[in-house]
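Please read the structure below before turning to the comments.
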Amino acid sequence: MPLDEITPYLETVMRTSVSEKRNTQIVSKLVRAERFQTQVQLLKVKRKSFTIDTKTECAVCRKKIGDSYFSAHPPDDCLFPGRLSGSSRKWIIVHKGCSRKYAKLRGTGRGVSNVLHVR
């Protein structure tokens, strides 16, 4: 088979192959950038500190947090803005057991995936 007959086929195959490789590299870089942004956000959340005293109430059940496990919901999850006070003005503090109830009341459907749980 003469080379002149298969040259157009080979050019098409090579172009397709190079295009697919570029697309794969772009997707890989985008995934890496998204992973990096997620890690940065996680570090910001982990650095967050909370002051829980004897007067701190759960935003859902209104009971004192005390020494029990609690969850801190990010500010965009604000359901009861009137109940926020002091150092918890930006994050919503609830008992860990009330966290799922809070997410349901909020209607986020996200459950507790973006919530910081602390003991």
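Accessible surface for Asp4 stands near 130 Å², nearest 10, in the context of the full protein assembly shown (1.4 Å probe).
Ligands, DNA and RNA aside, Phe36 has an accessible area near 130 Å² when probed at 1.4 Å.
How much of Lys44 can a 1.4 Å solvent probe reach, expressed as accessible area in Å² and rounded to 10? Using a 1.4 Å probe on the heavy atoms, I get roughly 130 Å². With every protein chain in place and a 1.4 angstrom probe, the accessible-area ranking of Ile65, Ile52, Ile26, largest first, reads Ile26, Ile52, Ile65.
The values are calculated or read from the model by the stated rules, or taken from the named source; none is laboratory data. Fair warning: this is a prediction, and the values are worked out from it, not measured in the lab. Areas reflect the complete protein model, heavy atoms only, side chains present, ligands, DNA and RNA absent. Shrake-Rupley method; radii C 1.70, N 1.55, O 1.52, S 1.80 Å.
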